[in-house]
Amino acid sequence: MAWLKVDQDLRDHRKLLEAADILDMEPVHLMGHLISLWLWSLSNVPDGNIGNLTKKTIARSAQWKGDPDELIDALVEVRLLDKTEDGLFIHDWDDYAGALIRKREEDRERAKRNREKKKVSSGDTRSVREPSADELETSVVRVEEIRDREEEIREREEKRESNEGAPSDSNCNQLLSDDFNRFWEVYPRKVGERQAFNEWKKINPDPDLANAIIASVERWKQSEQWTDDGGQFIPYPASFLAKERWKDDCQPAIKQVPFMKNYDDDEDFLGGCRASP
């Protein structure tokens with residue numbers, strides 16, 4: 001049975017309310033259309049890329065009976081849909097359905113292995129014949145060749161790892177994990193650590209790039225977008241990494257300095273103007 005993660009704050013989310021205002025409809029009705037689009041996408045476009053669909057198909061998948069352009073334009077405007085050079089995508093789709101898609105793949109692989117095990121354990125010999133003596137001898141030779149080859153590869157790997165100055169895989173993985181921990185420590189929205197680490201591994205940053213990403217997070221933390229409304233517009237860490245947001249420019253928040261009025265001796269305290277001589 002397929003399922004979809006829907007955040008409990010979706011009903012009152014700013015984007016949903018803004019899109020409902022644009023379309024002049026009740027937010028709860030738009031929420032139903034949005035969830036219908038997501039559920040349809042689980043089975044038909046599991047990667048969240050709806051750019052190859054016609055606008056009419058997108059509207060039908062959302063159970064929308066109005067003008068498809070109006071719906072799509074409104075969702076794009078509030079960034080519930082992302083319009084990129086690669087096409088039209090459902091915003092933060094991996095955060096909503098990524099876990100389900102990965103679980104489906106794991107279940108499919110697990111079911112395949114179970115079928116193979118059952119086939120072997122059931123003793124199904126309908127299409128199996130006894131190998132001849134020549135075939136058995138050939139199989140033995142091949143097994144010995146495979147073992148020799150594996151031993152050769154193992155020796156070559158051990159020699160490579162023992163070369164002076166050559167870092168081992170464990171050292172590389174430790175460095176990768178340490179840099180991610182630094183990133184995770186400074187990132188203000190700690191949601192989806194495993195997904196964020198997977199994106200970090202895909203980037204596989206060297207020390208200079210890791211420092212640049214972390215420095216970018218520090219700049220974004222001072223930006224107007226991340227400090228506005230208590231930081232509700234801060235993206236998930238995985239999305240920040242996947243979309244390479246560290247390359248984007250950000251504007252620092254403008255601090256409001258309270259106006260202090262200086263009253264002179266001859267200035268009227270209440271009226272704000274100079275007293276008549």
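What follows draws every value from the coordinates through simple rules; no lab data is involved. Owing to the predicted nature of the structure, the values given are computational and were not obtained by experimental measurement. Don't worry about glycine lacking a Cβ; one is built from the backbone with ideal geometry, like all the others, and counts go over all protein chains shown.
Evaluating kT/(6 pi eta Rh) at 20 °C and 1.002 mPa s, with the Kirkwood radius of the stretch 10-96 over Cα pairs in the Stokes-Einstein relation, gives 168 µm² s⁻¹. Computed from phi, the 3J(HN,Hα) profile of the stretch 23-28 under the Karplus parametrisation 6.51, -1.76, 1.60 (θ = phi - 60°) reads 8, 6, 8, 6, x, 5 Hz, with x in place of Gly and Pro.
Working note: Karplus 6.51/-1.76/1.60 with θ = phi - 60° gives the stretch 202-219 the couplings 5, 5, 6, x, 6, x, 5, 5, 4, 5, 5, 5, 5, 5, 5, 4, 4, 5 Hz, where Gly and Pro are set to x. Of the GluC sites (Glu not before Pro) in the stretch 38-94, the ones in a loop by DSSP (not H, G, I, E or B) with at most 16 other beta carbons within 10 Å are GLU85.
Computed from backbone phi with θ = phi - 60° and the Karplus coefficients 6.51, -1.76 and 1.60, the 3J(HN,Hα) list for the stretch 67-78 is 5, x, 4, 4, 5, 5, 4, 5, 5, 5, 4, 9 Hz; x is used for glycine and proline. Ordered by the number of other Cβ atoms lying within 10 Å of each residue's own Cβ, fewest first, ILE213, ILE234, ILE146 fall into the sequence ILE146, ILE234, ILE213.
Would you pull out the residues with amide H under 5 Å of LEU88's amide H, same chain only if 5 or more places away, H placed 1.01 Å from N? Those lying under 5 Å, H to H, from LEU88 are ILE50, GLY51, ASN52. On full extension, the segment bounded by ASN204 and GLU106 gains 32.9 nm, given 0.36 nm per residue less the C-alpha separation. Rounded to the nearest 20 debye, the dipole magnitude of the stretch 10-96 is 340 debye, with +1 charges on Lys and Arg beta carbons, -1 on Asp and Glu beta carbons, and the Cα centre as origin. Across the options GLN222, GLN195, ASN173, the greatest Cα extent toward the positive end of the charge dipole of the stretch 169-247 (unit charges at beta carbon of Lys, Arg, Asp, Glu) belongs to GLN195.
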